[in-house]
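Q: Here it is, the structure in full.
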């Protein structure tokens, strides 16, 4: 099922066959992205950029209709061999208790995936996939902060999933944007 939720953005329930092979290899895998990146060797690192309360424009199917909301947000860059390969945004409703996800405030430069995929009580919902416009503000902000070029990029390949820790617990929404340089690592992930 496809749903258009914002100008230029369509979320897909299945990985789009029209995406480049490198993007499909990375975005469409069902396991832990952290484990796959660590397995490449040469050093995996998480670089936090922002964690706190922020006004976020939500227009995606997972988070809500196209309007601004105040949410808890964490923005990070995942790096392999010193190179930025994934940009990630995690959102949680402000109304939710921070105690729902006790590790939230102490993550620092630790991978969120290392916390989520080691807790058997955490459930990841279905993956959703979208080609985000090159002008997506949080992605452009992270690229600018790191001196990454955005020229020549019309779209960003992204996936999103909802993580839950039981009934009544505030969910986390995790969106990952896969940078084209991941293509050089594709042969390493069979």
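Q: Collect the residues in the stretch 37-61 that are within 15 Å of the chain's Cα centre (by Cα), at pLDDT 90 or above and either closer than 14 Å to residue 185 by Cα or assigned to a loop (DSSP other than H, G, I, E, B) (or both), keeping them in residue-number order.
A: 37 - this is the single residue of the stretch 37-61 that is within 15 Å of the chain's Cα centre (by Cα), at pLDDT 90 or above and either closer than 14 Å to residue 185 by Cα or assigned to a loop (DSSP other than H, G, I, E, B) (or both).
Q: Right, another one. Take residue 107 and tell me if it is modelled with pLDDT of 90 or more and either under 18 Å from the mean Cα position of the chain (by Cα) or surrounded by fewer than 13 Cβ atoms within 10 Å (Cβ to Cβ) (or both).
A: Answer is no for this residue.
Q: Another question, then. I'd like to verify a number: residues in the stretch 81-104 that are more than 15 Å from the chain's Cα centre (by Cα) and under 18 Å from residue 158 (Cβ atoms), how many?
A: Matching residues across the stretch 81-104 total 0.
Q: Give the residues of the stretch 130-165 that are over 20 Å from residue 76 (Cβ atoms) and crowded, with 18+ Cβ neighbours inside 10 Å, sorted by residue number.
A: Once the filter is applied, which keeps residues that are over 20 Å from residue 76 (Cβ atoms) and crowded, with 18+ Cβ neighbours inside 10 Å, the stretch 130-165 yields only 131.
Q: Just to be sure, is residue 85 in contact with a helix residue (DSSP H, G or I) (Cβ under 6 Å, 6 or more places away or on another chain), within 25 Å of residue 15 (Cβ to Cβ) and crowded, with 20+ Cβ neighbours inside 10 Å?
A: yes
Q: Which number in (1) surrounded by 12 or more Cβ atoms within 10 Å (Cβ to Cβ); (2) within 18 Å of the chain's Cα centre (by Cα) marks the one condition that residue 169 misses?
A: Only one criterion in (1) surrounded by 12 or more Cβ atoms within 10 Å (Cβ to Cβ); (2) within 18 Å of the chain's Cα centre (by Cα) is unmet by residue 169, namely (2).
Q: Next up: Residue check, residue 15 against (1) modelled with pLDDT of 90 or more; (2) surrounded by 15 or more Cβ atoms within 10 Å (Cβ to Cβ); (3) within 14 Å of the chain's Cα centre (by Cα), all met but one. Which one?
A: Every listed condition holds for residue 15 apart from (3).
The values are calculated or read from the model by the stated rules, or taken from the named source; none is laboratory data. Keep in mind the model is a prediction, meaning the values are calculated, not measured. We place every Cβ from the backbone using ideal geometry, glycine too, and count neighbours over all the protein chains shown.
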